1. Measure off 7 Å from each Cα along the Cα-to-Cβ vector at LEU169 and THR44, then give the distance between these two points in nanometres to one decimal.
2. Which residue, MET140, MET100, MET58, tops the fluctuation ranking in a GNM of the chain built on C-alpha contacts under 10 Å?
3. If each residue of separation counts as 0.36 nm, what is the full-extension length gain between ILE144 and LEU220 once their alpha-carbon separation is subtracted?
4. Got a sec? Which residues in the stretch 91-107 would a label at LEU22 touch, if it sits 7 Å along Cα→Cβ and we count backbone N under 16 Å?
5. With a point put 7 Å past each Cα toward its Cβ, work out how far TYR212 is from ALA180 in nm, to one decimal.
6. For the chain, what does -39500 (n - 2.57) per DSSP helix run (n ≥ 4), summed and divided by total residues, give at 222 nm, in deg cm²/dmol to the nearest 500?
7. Would you mind computing the Rg to Rh ratio of the chain from its alpha-carbon coordinates, Kirkwood style for Rh?
8. Probe radius 1.4 Å, ligands and nucleic acids ignored: give me the carbon and sulfur share of the accessible area of the stretch 4-225 as a rounded percent.
Amino acid sequence: MNENLFTSFITPVILGLPLVTLIVLFPSLLFPTSNRLVSNRFVTLQQWMLQLVSKQMMSIHNSKGQTWTLMLMSLILFIGSTNLLGLLPHSFTPTTQLSMNLGMAIPLWAGAVITGFRNKTKTSLAHFLPQGTPTPLIPMLVIIETISLFIQPMALAVRLTANITAGHLLIHLIGGATLALMSISTTTALITFTILILLTILEFAVAMIQAYVFTLLVSLYLHDNT
């Protein structure tokens, strides 16, 4: 069981060709657009959820920050759908790869920081040195604030990777334990199977929550720089 523990995190290939690109593009097919006056229930639910999330997330932004609405909504849809698809059997979750999460976090963080330095240069520089700081502590605080600024994209990526990976590993371990206990004790196997079902339901919630948290933190970084 342990030797196959990380099999689900290996990039799938066919004839030696990686399928990551196709897997990353697949969730976009699940969100169709409708040209009809009266949309079906799936499109209506999709539009209602987007309006609810965008209204809640972008209400704190000014006009410059609200220009990022389309990108942030696309981001939460992509991460949420990718996390949910990864819970299907024999599937692959791209968000368990730290490299992919860094590829999303670093450009968004850098765009927000560059926007802040371009539009609010004095305010952005003031974050490196809190008001009223004693003179001997100024060099140390500037270094600490600089490190905390550059660690933000790493924290975004590691948080998403760790939460999704930990949930998948727990499901794999408890599922393997349930199969092993079926031939030993049926009662114990039923208990572990019940735990597995509850954990799977929890992972569905975690998949959506982590997509929201990732996008919300990017939105807060943007709010601090616009």
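The values are calculated or read from the model by the stated rules, or taken from the named source; none is laboratory data. Predicted, not measured: the structure shown is a model, and the values here were computed from it. Here the Cβ positions follow ideal geometry from the backbone for every residue, glycine too, while neighbour counts run over all protein chains shown. Ligands, DNA and RNA are excluded from the accessible area calculation, which covers all protein heavy atoms including side chains. Shrake-Rupley method; radii C 1.70, N 1.55, O 1.52, S 1.80 Å.
1. So the two model labels end up 4.4 nm from each other.
2. Sorting by GNM fluctuation, first place goes to MET140.
3. Working: separation 76, 0.36 × 76 = 27.36 nm, distance 2.01 nm.
That pair, ILE144 and LEU220, stretches by 25.3 nm at full extension.
4. From the stretch 91-107, the list is 91-94.
5. 3.6
6. Here the helix-only value at 222 nm equals -23000 deg cm²/dmol.
7. That ratio equals 1.06.
8. Answer for the stretch 4-225: carbon and sulfur cover 73 percent of the accessible area.
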